[in-house]
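Student: I have a structure I would like to understand better, so I am pasting it below and will then ask my questions one at a time.
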Amino acid sequence: MSATSELKLIRQMLDDLFPITRSLSGPGNRQTLAYLQDIIPLTTSEIPSGGEVFDWMVPEEWRIRGAWIANANGKKIVDFEKCNLHVVGYSTPVNDRLTFSELEPKLHRLPGMPNAIPYRTSYYKKDWGFCVTQRQYQELKDSAGLLEVVIDSQFDTEGSMSIGELVIPGNRREEILVSTYICHPSMANDNLSGIITTALLAKTVYETGTPIHTWRFLFVPETIGPIAYMSSHPNIIERTIGGLVVTCCGGPGRLGYKKTFQGDHIVDRAVELAFNELQIEPDRYPFSPLGSDERQYSSPGIRIPVATICKDKYHEFKEYHTSEDNLSFVKPEHISASLEVYRQVQVILDSNTKITSTIKGGEPRLGARGLYPSMGGSNRQIAVQHTQNSTDFDLHAMMWTLFLADGQHDLISIAEKSGNTYTDITSIFRSLENSGLAIRA
Ligand code: ZN
């Protein structure tokens, strides 16, 4: 797919998926997953409500048909039809007439952002509420008489929680996990950008042919989703070498990444090399047990190191968890920039291999094989500060690759030690492989 058609596809996905009312469960999540099935061959499954998953329980399914607050004249001052953030997620049903002071404790607003509607949920405590702009709050306060308060919602103990997964079997049993969450309603960076990026990354891996590792892409509600999934797939824990949690990667700000709990895991190193390759200096965030689904994947008993590449990370942009995290804030170009980094990380993780020289004792005679002093495979000399010209550069990368081709070092560590990009080292290795001087260890 050309860059232009991909930007068009991202635009379409943003427009189509943004309005859907997603939550921990319910028809909006199924609709979202069904939409993604037109892009990638996603398998969906339903985890029944009430099921015990590790220390948690799968919640009742929540459905909402409508909600509003109307004044005594019947004018709807707040209407779920206009914005699905108006209702606190998992609100219990209400049909009442209340004074403003009775309603006031159930209203959430952001006085510092007068036009924004906050995003609130009450997943695990039965409650209800409305999220309103400062202007709506004032209008409700100024309304004479009783206010009609309606939330037409329903809980289904016989319901279920929907998840989507795409497993792309590789040549190896070892797996790499890519996970995003589908539980946020109409907000674009958190986390529609994550859904789109994950789907398009999965599409690339799927369409590229059999990968080296097995790649597992998950679309699950945040927190309870990974818990439920890992509790029902314990066998994948030991064979998953690492992964990525994709969230908040569509904002206009700088690219950044949150490290794995190990900090120097192969995933961290691949992320660093990907940014280096793209000549981007990212914001770096150390691991912390606060955040998104890395909390579950990193927890004792699972302990899969996962990193997050973001563009306007959660908590770091003022529009976060408000109606201003919308389609004016997130643009296809921003998602595309993050996707490029994710794709580079995917290529690095999947092609990395230990290599070994076939010549034992002394350096091989490069000249006899036409590999000295100049060889093809590099036009990226900018990556090496002290390089004078491409011949020096090629030689530098070549000598490091040969020096470290001892069966103990992989392409990632050769790129790190030599200061060359991963792509350059890979192409040098290919030249050596073609000349019979090095092989995969
Ligand atoms: Zn969020």
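Student: Put +1 on the Cβ of every Lys and Arg and -1 on every Asp and Glu Cβ in the range 74-113; which of HIS108, TYR90, VAL78 then has its Cα farthest towards the positive end of the dipole?
Tutor: Farthest towards the positive end: VAL78.
Student: Between ASP127 and ASN171, how many nm apart are label points set 7 Å from Cα along the C-beta direction?
Tutor: 5.4 nm
Student: Return the loop-located trypsin sites (Lys or Arg not before Pro) in the range 134-235 (DSSP other than H, G, I, E, B) with at most 11 other Cβ atoms within 10 Å of their own Cβ; answer none if there are none.
Tutor: Of the trypsin sites (Lys or Arg not before Pro), the ones in loops of the range 134-235 whose Cβ has at most 11 other Cβ atoms within 10 Å are ARG173.
Student: State whether the range 95-204 is rounded, prolate or oblate according to the following rule on the C-alpha gyration tensor (a ≥ b ≥ c being the square roots of its eigenvalues): a/c under 1.5 gives rounded; otherwise a/b larger than b/c gives prolate, and the remaining case gives oblate.
Tutor: Taking the square roots of the gyration eigenvalues as a ≥ b ≥ c, the range 95-204 is prolate.
Student: Taking all protein chains together and a probe of 1.4 Å, list ILE64, ILE439 from the most accessible to the least accessible.
Tutor: ILE439, ILE64
Student: How much length is gained on full extension from LYS82 to THR358, taking 0.36 nm per residue of separation minus their Cα-Cα distance?
Tutor: 92.6 nm
Student: For the chain, what number results from the quotient of the Cα radius of gyration and 2.2 N^0.38 Å?
Tutor: Against the compact-globule rule of thumb, the ratio is 1.15.
Student: Here's a follow-up. What FRET efficiency would be calculated for the residue pair SER2, SER351, taking the C-beta separation as r and a Förster radius of 22 Å, to the nearest 0.05?
Tutor: Calculated transfer efficiency: 0.40.
Student: Turning to a different aspect of this structure: Roughly speaking, to the nearest percent, how much of the chain's 1.4 Å accessible area is carbon and sulfur?
Tutor: Summing carbon and sulfur atoms, their accessible area is 50 percent of the total for the chain.
Student: Further, regarding this structure: Using a 1.4 angstrom probe, figure out how much accessible area the range 151-303 has per residue, in square angstrom, rounded to the nearest whole.
Tutor: For the range 151-303, the per-residue accessible area is 32 Å².
Student: Something else now. LYS125: which lysines have alpha carbons under 28 Å from its alpha carbon, excluding same-chain residues fewer than 8 sequence positions away?
Tutor: Straight-distance partners of LYS125: LYS76, LYS82, LYS106, LYS141, LYS313, LYS318.
Student: Taking the Cβ of ARG172 as the centre, find all other residues whose Cβ is under 10 Å away and add up their charges (Lys, Arg: +1; Asp, Glu: -1).
Tutor: Once positives and negatives cancel, what remains is -1.
Student: Using +1 on the beta carbon of Lys and Arg, -1 on that of Asp and Glu, and nothing else charged, what's the dipole of the chain about the Cα centre, debye to 20?
Tutor: 460 debye
Student: Let me ask you something else. Between SER435 and THR43, what is 0.36 nm times their sequence separation minus the Cα-Cα distance? Round to one decimal in nm.
Tutor: Roughly 136.8 nm would be gained on extension.
Student: If a/c stays under 1.5 just call it rounded; otherwise compare a/b with b/c (prolate if a/b is bigger, oblate if not). Do that for the range 261-381, with a ≥ b ≥ c from the square roots of the Cα gyration tensor eigenvalues.
Tutor: oblate
Student: How much length, in nm to one decimal, is gained on full extension between THR210 and ASP152, taken as 0.36 nm per residue of separation minus their Cα-Cα distance?
Tutor: Gain on stretching THR210 to ASP152: 16.1 nm.
Student: Under 17 Å Cα to Cα from LYS417, which aspartates and glutamates show up? Leave out anything in the same chain fewer than 8 places away.
Tutor: Leaving aside aspartates and glutamates fewer than 8 places away in the same chain, those within reach of LYS417 are ASP264, ASP268, GLU272, GLU277, ASP392, ASP394, ASP406.
The values are calculated or read from the model by the stated rules, or taken from the named source; none is laboratory data. If you're wondering where the values come from, they're calculated on a predicted model, not measured in any experiment. Neighbour counts are summed over all protein chains in view; Cβ atoms, including those assigned to glycine, are modelled from backbone coordinates with ideal geometry. Accessible surface is based on the protein model in full, side chains and every heavy atom, while ligands, DNA and RNA are left aside. Shrake-Rupley method; radii C 1.70, N 1.55, O 1.52, S 1.80 Å.
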